[in-house]
Amino acid sequence: MFNYRKLRGRIIEIYGSQKKFSETIDLSEQSITAKLNGRSDFSQADILKWSDALLIDKNDIGTYFFNQ
């Protein structure tokens, strides 16, 4: 299972709340929560979309999405 604490922190750092982030990427809060809690997987498209919205450099994607 992956650890998404750093990703959660980035969401709050950039958007202030998961709700504002969900509105920005046009995804329900429930879907975001499911992904961050490991109940739903990230697609490659999700990873790219989230990285762009969170200003995550492509070289740092692994640190946010593949931390075990």
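Values for this structure:
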| item | result |
| --- | --- |
| Selection count where residues are in contact (Cβ under 8 Å) with a residue 60 or more places away in the chain and open to solvent by 50 Å² or more (accessible area, probe 1.4 Å), scope the range 11-68 | 3 |
| Residues located in the range 48-68, provided they are in a helix (DSSP H, G or I) and among the aromatic types (Phe, Trp, Tyr) | 50, 64, 65 |
| In the range 1-10, residue least open to solvent (accessible area, probe 1.4 Å) [restricted to those that are touching a Gly at 6+ places or on another chain (Cβ under 9 Å) and either aromatic (Phe, Trp, Tyr) or free of Cβ contacts under 8 Å to residues at least 24 places away in the same chain (or both)] | 4 |
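The values are calculated or read from the model by the stated rules, or taken from the named source; none is laboratory data. Quick caveat, the model's predicted, so the values are computed rather than measured. All Cβ positions, glycine included, derive from the backbone under ideal geometry; neighbour counts span all protein chains shown. Only protein heavy atoms, including side chains, enter the accessible area calculation; ligands, DNA and RNA are left aside. Shrake-Rupley method; radii C 1.70, N 1.55, O 1.52, S 1.80 Å.
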